[in-house]
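Novice: My structure is below; once you've seen it, I'll send some questions.
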Amino acid sequence: MEILNAKRKSAINVPTRVRFAPYTVLRRLILYVTVISFSLLFAAPLIWMISTSLKTDPQVYHVPPIWIPNPIRLANYPEALSIRPFGIFTLNTLRYALTSTVGAVMSAAVVAYGFSRLQWPGRNVLFFLCLATMMIPFQVRMVPLYITFKNLDWLNSYKPLIIPAFLGIPYYIFLLRQFFLTIPQELSDAARVDGANELNILLRIILPLAKPALAVVGLLQFMAAWDNFLGPLIYLSNESLFPIALGLRQLRSDSVEALMWPYMMAASTMTILPVVVLFFFVQRTFVEGISITGIKG
Amino acid sequence: MGVATNRKFWAPRQQRELLKGLLFVSPWLLGFAGFTVYPILASLYYSLTQYDILRPPRFIGLANYHQLFFQDEVFRFVLYNTLYLVVIGVPAGVVTAFMVASLLNNEMKLRPLFRTLFFVPALVPAVAAAEVWRWVYNTNFGVVNSLLKWGGMSIIPFLSSPDLAKPSLILIHMWAQGTAIVIFLAALQDVPRSLYDAALVDGANLWHRFWNVTIPMCTPTILFVALTSMINMFQYFTIGWLLTEGGPNQSTEFYGIYLYRNAFLFFKMGYASALSWILFLIIVAFTILIFRASQRRVYYAGDGES
Amino acid sequence: MSHDRMTRREFLRWSVVGAGSIGIAACMAAPPAALPSAETTGQNDEPDKASTQLVWWHGWGGPSGLAAMTAIEDAFNTGDHSFQIERVHVDEMNQKILVAIAGGTPPDIGVCCAQYAQLYSRNAVVPLDDYIDASIVIKRDAFVQGLFESMQWLGKTYGVPAIEAGPRYGIMYNNALIAEAGLEAANFPTTWDEMYEWHVALSKFDSAGNVSTIGFDPRDGTSRNGPATNIPQFWAINYGLDAWDSETLTFHYDRQEYVEALATIKRFYDYVGVEQMESLRSSTGTWVNTPSAQFPAGILATLNIGYYGPGELAINAPDKEFGVAWVPVPEARSGIKMQSVGGIPAYIPVGSKDPDRAFEFIEFLTTDAVQTPVFEATGWLGGRKEWYDPDLPRYAGRDVLRWYLQSVNEADEMWACPVIPIQAFVEDQREKTYAAVIFGEKTPEQAAIDMHTACTEELRNEFPDLVTE
């Protein structure tokens, strides 16, 4: 327990800083200039997006480019979002992202427990297989999976996208297993002596300790679901079922080629907003979680 | 942990343990059997057939593979483009992420803000990222070319030139490195202070410390990020499909795009399956290659735990 | 322990997220139930009700296209029919309809935007001959010649021309740009050599060498398309080459005519610079259905476009004036006026709940009750001959459109639309062949041979029982 806390503290609080007295001021200046210019570079496309989303048509095609629109045209947002039922798209995506996140976290936790906290013959062979499946490109499984889902009568629903998440995604299993391995075995042993069964140990001891790691898995899956384009593209045909990624694509086909850039950018901004808000809330837990899961080696 | 035992395999206690273990991993086993083993075996079978999913598959032996290697002119482009993307794009992404993480690892004010700024691009869904970059790269009114035109210079045909299209897509990839940055940041924070202090005593300058302490201590993380990035890069699809659809002049006809085209536009599921199997083998080969090459260089801090 | 503090803070943060998600979840529980989505109609309704609602997919979007489709849906559902129609707009229709037919969840009726020939040749849509023979609404000879032929495969008819059909070719020009370059519309080029001279005269560059106006783009509008069941391949037929022989089911891309056509395309690109031309087009857009596309925006001087061109330009470039002329032809075919009428089929996918009623809806789609509102919203003509009379009152004052209608009667050559069972592959090859030539990667000779070989081999692989040698 002590080891764990120490490790965690080091991850959060202690940056690697080397004192270098004579050049300190100059060094700090260089550092800030570099970081600020780099971050501006990274943010520029998104600033350009938001800026365009607030422009009137003449501003869009103005040379040289305008960064701060004046006047600001907020109406682009309601107008863009009413071309297609973006409310429904957003709700569809949220439903898909939330359920698949719950499924991915739950299943990865249970399976990772089996692969890390229990000793049983064949465990390592199966775990190796599990890791190996990460190398199989989605495209290999795409066609037969499609046919399987067709036979199961799952097409045109979210089942093909959600149910597999409940059956354990190897990458997340790997992450959680790495973390579970760092939890001292004595904790489980003590609980076993007290008569707890394995499920109890998982729920009462391991999971409470693993919250940041679970958050990482949750956020990664949420992002993956929010981002998923190929899956919905293949499995869903009705517009009323579309996630926001396909909705944005629909909007693009409406606004064929270059028309309505402010609308496209307004809709893109709205697509990004929910995930950014989510990240804002969980970012510390996320960074913390990454530093305690096994990702870094 | 994981030590092979010579005890009797079917001892009652072990049997119980086996059952318990299998019970816990059963969700994955179910998914593995249903959504992995079966599809890849089916895909292997389809790759030996001509199949348009409208009519039953027709067995044609190795004809798809033969066509792939000896007749399909496009396939060579596809291999070249994909390898270009992997060989240049993956290192470019990893280096970018590591540099940014190293920057962020310094003590500074507003670190959470900067961290968010660097991370947000990774949150942008591929479809939205494609739209944003289509607009940034626009040759007339995009932010770069609009400025160039205004300054009386010739434009940069980012996505319209066969030479620039791949680099332009790689730039988008380098931009969306947020997850890798956060992973590297976590690794960097775990490098023991004592090592830097020791290096300082030895008179190592900033660059030496970075090269001889920071990088070696982070090699397992670098390997992990590079591997997952490589596996994903081989399957590159969405942004390429939305932005260039394989053009100009096939310069962005990547593996995932060509596969999709064959399966869902040409109705050639059998051929697409053959393509996907070759892709699988290429990924396995690259993974082994990277593991081999990195064996001597990766430093695992003294625990034999995992 | 520090651990406990951490948990509490986390707990707070997560509960905010959690509360938010519950709120959102609560919101989304309501709307989908209220929506008449296909999911609910297909499964939850009582059986008798479900059988009286047919699902119709169309691929057209855009404000005017959607307005037209909605008008059709309303006209049908308010009329006296034994069933209702549920209209669904489907993007990426081709892939979706394949997947839906294979998956056994097809719509009952489909219109537009699929690889029709591939569906016909794979028995994925219902043959309509018996329905058409029994129909009093649909008589084959009431439709423009060639349309029904483009919806047939091996003697069976799989589609009925509906909603959009009409002449595909006519070169429209921007009056102001032509006058500015000192050219006269009366002397509009009739051969590609003359057209090239106009291209040189009309193209303009800024001081840094960036192109600002293009004379003619061989890969915009209907020059780019085909070979498809609704439009032939312009650069083959313009040189007099029927590249697909529907009798022997063979390709003729190895002919000299095709090599010359490819060389002509390249010539137009070489003058401006291929990357310059591709850049301008990709940054502005193609066709005429958006104001910012290169032709309506006034940075492309001439464009080969179908009969819908004038109508859409009236909306998207109301401040500009345009004329129209016969498309130029190669020197050797000088004086020949060429045209083609292509159309979109309405079809019934295999697996449709009720093909009889689906056909009733298709009949409805060919009537004036549909075509009139469609024409008003989009300018589309449909397949019936009676709509092609230039003297109809509804065309009064629309001189360019009347030129298109007249051209059907005046053309020396009327080209049919080919039905190629590997259509998507051939179109992809066309795109790759043009690109390889204009980017200078292959000579026209090599590109033509390669395309011929690729298409021939593909057909042999995909339809071995059709190919006899």
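Novice: Looking only at segment A:228-248, count every residue that is surrounded by fewer than 24 Cβ atoms within 10 Å (Cβ to Cβ) and free of Cβ contacts under 8 Å to residues at least 24 places away in the same chain and tell me the total.
Specialist: Here the count works out to 1.
Novice: Would you mind telling me which numbered condition in (1) within 23 Å of residue C:153 (Cα to Cα); (2) crowded, with 18+ Cβ neighbours inside 10 Å residue C:438 fails?
Specialist: (1) is the only condition that residue C:438 fails.
Novice: Okay, moving on. Hey, does segment B:162-171 have a residue that's within 7 Å of another protein chain (Cβ to nearest Cβ), touching a residue at least 60 places away in the same chain (Cβ under 8 Å) and more than 16 Å from residue A:43 (Cα to Cα)? Break it down into steps so the answer makes sense when it comes.
Specialist: Start the filter on segment B:162-171 by keeping residues that are within 7 Å of another protein chain (Cβ to nearest Cβ), which leaves B:162.
Filter once more, so that each one left must be touching a residue at least 60 places away in the same chain (Cβ under 8 Å): B:162.
Then drop every residue that is not more than 16 Å from residue A:43 (Cα to Cα), which leaves B:162.
The answer is yes, given that some residue of segment B:162-171 is within 7 Å of another protein chain (Cβ to nearest Cβ), touching a residue at least 60 places away in the same chain (Cβ under 8 Å) and more than 16 Å from residue A:43 (Cα to Cα).
Novice: Name the one entry in A:173, A:163 that is β-branched (Val, Ile, Thr), in a helix (DSSP H, G or I), at the interface with chain B (Cβ under 10 Å from one of its Cβ atoms) and farther than 20 Å from residue B:21 by Cβ. Walk me through how you get there before you give the answer.
Specialist: Details: A:173 fails: farther than 20 Å from residue B:21 by Cβ.
Criteria check complete, one pass: A:163.
Novice: Further, regarding this structure: Please give the number of the condition residue A:174 fails out of (1) without any contact (Cβ under 8 Å) to a residue 24 or more places away in the chain; (2) surrounded by 21 or more Cβ atoms within 10 Å (Cβ to Cβ).
Specialist: Unmet for residue A:174, out of (1) without any contact (Cβ under 8 Å) to a residue 24 or more places away in the chain; (2) surrounded by 21 or more Cβ atoms within 10 Å (Cβ to Cβ): (1).
Novice: Is it the case that residue C:374 is within 22 Å of the chain's Cα centre (by Cα), closer than 16 Å to residue C:170 by Cβ and among the aliphatic types (A, V, I, L, M)?
Specialist: Details: within 22 Å of the chain's Cα centre (by Cα): yes; closer than 16 Å to residue C:170 by Cβ: no; among the aliphatic types (A, V, I, L, M): yes.
Here the answer is no, as residue C:374 does not meet what is asked.
Novice: Here are some residues: C:259, C:288. Which one is touching a Pro at 6+ places or on another chain (Cβ under 7 Å), aliphatic (A, V, I, L, M) and assigned to a loop (DSSP other than H, G, I, E, B)?
Specialist: Working: C:259 fails: assigned to a loop (DSSP other than H, G, I, E, B).
Going through C:259, C:288 in turn, just one is touching a Pro at 6+ places or on another chain (Cβ under 7 Å), aliphatic (A, V, I, L, M) and assigned to a loop (DSSP other than H, G, I, E, B): C:288.
Novice: Okay, next question. Considering segment A:236-245 alone, what residues qualify as being under 21 Å from the mean Cα position of the chain (by Cα) and either part of a loop (DSSP other than H, G, I, E, B) or not hydrophobic (A, V, I, L, M, F, W, C) (or both)?
Specialist: A:242, A:243
Novice: Do you know which residues across segment B:245-297 are facing another protein chain (nearest Cβ under 8 Å) and in a loop (DSSP other than H, G, I, E, B)?
Specialist: Within segment B:245-297, B:247, B:248, B:249, B:250, B:266, B:267, B:268 qualify.
Novice: Of the residues B:215, B:290, only one is surrounded by fewer than 19 Cβ atoms within 10 Å (Cβ to Cβ) and over 14 Å from the mean Cα position of the chain (by Cα); which?
Specialist: On the way: B:290 fails: over 14 Å from the mean Cα position of the chain (by Cα).
Every option except B:215 fails the conditions.
Novice: Got a number for residues in segment C:381-432 being β-branched (Val, Ile, Thr) and over 30 Å from residue B:249 (Cα atoms)? Reasoning before the result, please.
Specialist: Here is the first cut: in segment C:381-432, the residues β-branched (Val, Ile, Thr) are C:400, C:408, C:419-420, C:422, C:426.
From the residues that got through so far, the ones that are over 30 Å from residue B:249 (Cα atoms) too are C:400, C:408.
Residues flagged as β-branched (Val, Ile, Thr) and over 30 Å from residue B:249 (Cα atoms) within segment C:381-432 amount to 2.
Novice: Condition first: within 14 Å of chain C (Cβ to nearest Cβ), β-branched (Val, Ile, Thr), surrounded by 24 or more Cβ atoms within 10 Å (Cβ to Cβ) and assigned to a helix (DSSP H, G or I). Now tell me which residues in segment B:94-146 satisfy that.
Specialist: Matches in segment B:94-146: B:127 only.
Novice: Let me ask you something else. Please list, ordered by residue number, the helices (runs of 4 or more DSSP H) wholly in segment B:10-84 having 3 or more residues that are within 8 Å of another protein chain (Cβ to nearest Cβ) and aromatic (Phe, Trp, Tyr).
Specialist: Working: elements: B:12-32, B:38-46, B:63-66, B:73-84.
Answer list for segment B:10-84: B:12-32.
Novice: Restricting to segment A:69-101, give me the number of residues that are without any contact (Cβ under 8 Å) to a residue 60 or more places away in the chain, touching a helix residue (DSSP H, G or I) at 6+ places or on another chain (Cβ under 7 Å) and not assigned by TED's automatic domain parsing to the domain that holds residue A:156.
Specialist: 1
Novice: Give segment C:254-291 a look and list any residue that's among the basic types (Lys, Arg) and either over 26 Å from the mean Cα position of the chain (by Cα) or over 23 Å from residue B:163 (Cβ atoms) (or both), or say none.
Specialist: Here is the first cut: in segment C:254-291, the residues among the basic types (Lys, Arg) are C:255, C:266-267, C:281.
The answer is C:255, C:267.
Novice: OK, next. Just to be sure I understand, how many residues within segment C:223-256 are free of Cβ contacts under 8 Å to residues at least 24 places away in the same chain, polar (S, T, N, Q) and not in a loop (DSSP other than H, G, I, E, B)?
Specialist: 1
Novice: If I ask for residues that are assigned to a loop (DSSP other than H, G, I, E, B), closer than 30 Å to residue B:160 by Cα and either among the polar types (S, T, N, Q) or in contact (Cβ under 8 Å) with a residue 40 or more places away in the chain (or both), which ones from segment C:435-469 would you list? Please lay out each step first, then the result.
Specialist: Initially, segment C:435-469 is screened for residues assigned to a loop (DSSP other than H, G, I, E, B), giving C:439-443, C:463-469.
Pick out the ones that are also closer than 30 Å to residue B:160 by Cα and you get C:439-443.
Answer for segment C:435-469, where residues must be assigned to a loop (DSSP other than H, G, I, E, B), closer than 30 Å to residue B:160 by Cα and either among the polar types (S, T, N, Q) or in contact (Cβ under 8 Å) with a residue 40 or more places away in the chain (or both): C:439, C:440, C:443.
Novice: Right, something else. Looking at segment C:450-465, which of the residues that are more than 20 Å from residue C:119 (Cα to Cα) and within 25 Å of the chain's Cα centre (by Cα) is surrounded by the fewest Cβ atoms within 10 Å (Cβ to Cβ)?
Specialist: For segment C:450-465, the residue satisfying everything is C:452.
Novice: Now, a different point. Can you find even one residue in segment A:92-111 that is β-branched (Val, Ile, Thr), assigned to a loop (DSSP other than H, G, I, E, B), surrounded by 22 or more Cβ atoms within 10 Å (Cβ to Cβ) and within 13 Å of chain B (Cβ to nearest Cβ)?
Specialist: Taking segment A:92-111 as the starting set, the residues that turn out to be β-branched (Val, Ile, Thr) are A:93, A:99, A:101-102, A:105, A:110-111.
Keeping just the survivors that are assigned to a loop (DSSP other than H, G, I, E, B) gives none.
No; the residues of segment A:92-111 include none that is β-branched (Val, Ile, Thr), assigned to a loop (DSSP other than H, G, I, E, B), surrounded by 22 or more Cβ atoms within 10 Å (Cβ to Cβ) and within 13 Å of chain B (Cβ to nearest Cβ).
Novice: What number of residues in segment C:260-280 are among the hydrophobic types (A, V, I, L, M, F, W, C) and either at pLDDT below 95 or more than 25 Å from residue C:342 (Cα to Cα) (or both)? I'd like the intermediate steps shown before the answer.
Specialist: First, pick out the residues of segment C:260-280 that are among the hydrophobic types (A, V, I, L, M, F, W, C): C:261-263, C:265, C:268, C:272, C:274, C:277, C:280.
Those left that are additionally either at pLDDT below 95 or more than 25 Å from residue C:342 (Cα to Cα) (or both): C:263, C:268, C:272, C:274, C:277, C:280.
The number of residues fulfilling the criteria is 6.
Novice: So, of the residues in segment B:220-235 that are in a helix (DSSP H, G or I) and at the interface with chain A (Cβ under 7 Å from one of its Cβ atoms), which turns out to be nearest to residue B:296 (Cα to Cα)?
Specialist: Within segment B:220-235, the first condition is being in a helix (DSSP H, G or I), and the residues that meet it are B:220-234.
From the residues that got through so far, the ones that are at the interface with chain A (Cβ under 7 Å from one of its Cβ atoms) too are B:220-221, B:224, B:231, B:234.
Working: B:220: 12, B:221: 15, B:224: 15, B:231: 22, B:234: 25 Å.
In this case the residue turns out to be B:220.
Novice: May I ask you to say which residue of C:400, C:419, C:467, C:426 is over 28 Å from residue C:55 (Cβ atoms) and in contact with a strand residue (DSSP E or B) (Cβ under 6 Å, 6 or more places away or on another chain)? Full working, then the answer.
Specialist: Numbers: C:419 fails: over 28 Å from residue C:55 (Cβ atoms); C:467 fails: in contact with a strand residue (DSSP E or B) (Cβ under 6 Å, 6 or more places away or on another chain); C:426 fails: in contact with a strand residue (DSSP E or B) (Cβ under 6 Å, 6 or more places away or on another chain).
On inspection, the qualifying residue turns out to be C:400.
Novice: Taking the condition within 29 Å of residue B:157 (Cβ to Cβ), polar (S, T, N, Q) and either within 14 Å of another protein chain (Cβ to nearest Cβ) or in contact with a Gly (Cβ under 8 Å, 6 or more places away or on another chain) (or both), does residue C:207 pass? Step through it out loud before you land on a result.
Specialist: Values: within 29 Å of residue B:157 (Cβ to Cβ): yes; polar (S, T, N, Q): yes; either within 14 Å of another protein chain (Cβ to nearest Cβ) or in contact with a Gly (Cβ under 8 Å, 6 or more places away or on another chain) (or both): yes.
Considered against the rule, which asks whether it is within 29 Å of residue B:157 (Cβ to Cβ), polar (S, T, N, Q) and either within 14 Å of another protein chain (Cβ to nearest Cβ) or in contact with a Gly (Cβ under 8 Å, 6 or more places away or on another chain) (or both), residue C:207 comes out as yes.
Novice: Pull out all pairs, ordered by first then second residue, where Cβ-Cβ is under 7 Å, the residues are six or more apart or on different chains, the first lies in segment B:196-211 and is facing chain A (nearest Cβ under 10 Å), and the second is in a loop (DSSP other than H, G, I, E, B).
Specialist: B:196/A:16; B:196/A:18; B:200/A:18
Novice: Counting just the residues of segment C:37-89 that are closer than 11 Å to residue C:108 by Cβ and away from chain A (no Cβ under 13 Å), which one comes out modelled with the lowest pLDDT?
Specialist: C:51
Novice: Within segment A:38-62, work out how many residues are in a helix (DSSP H, G or I) and either under 23 Å from the mean Cα position of the chain (by Cα) or of a type outside the set (S, T, N, Q) (or both).
Specialist: From segment A:38-62, those in a helix (DSSP H, G or I) are A:38-53, A:57-60; that's our starting set.
The next check asks that each one be either under 23 Å from the mean Cα position of the chain (by Cα) or of a type outside the set (S, T, N, Q) (or both); those that pass are A:38-50, A:57-58, A:60.
Looking only at that region, the number is 16.
Novice: Also, quick follow-up: Give the residue that is nearest to residue B:23 (Cα to Cα), with candidates limited to residues of segment A:188-218 that are touching a residue at least 24 places away in the same chain (Cβ under 8 Å) and of a type in the set (Gly, Ala, Ser). Steps first, please.
Specialist: As a first pass, look at segment A:188-218 and keep what is touching a residue at least 24 places away in the same chain (Cβ under 8 Å): A:188, A:198, A:201-202, A:206-207, A:209-218.
Then keep just the ones that are of a type in the set (Gly, Ala, Ser); that gives A:188, A:210, A:213, A:215, A:218.
Numbers: A:188: 18, A:210: 21, A:213: 23, A:215: 24, A:218: 23 Å.
Going through the qualifying residues, I end up with A:188.
Novice: Would segment A:195-207 turn up any residue that is of a type in the set (S, T, N, Q), away from chain B (no Cβ under 12 Å) and out of contact with any Phe, Trp or Tyr (no Cβ under 9 Å at 6 or more places or on another chain)? Show your work before the answer.
Specialist: Filtering segment A:195-207 for residues of a type in the set (S, T, N, Q) gives A:197, A:200.
Narrowing further to those that are away from chain B (no Cβ under 12 Å): A:200.
When the remaining residues are screened for being out of contact with any Phe, Trp or Tyr (no Cβ under 9 Å at 6 or more places or on another chain), the result is A:200.
The answer is yes; a qualifying residue exists.
The values are calculated or read from the model by the stated rules, or taken from the named source; none is laboratory data. Everything quoted here is computed from the prediction, not taken from an experiment. Every residue, glycine as well, gets a Cβ built from its backbone with ideal geometry; the counts of neighbours run over all protein chains shown.
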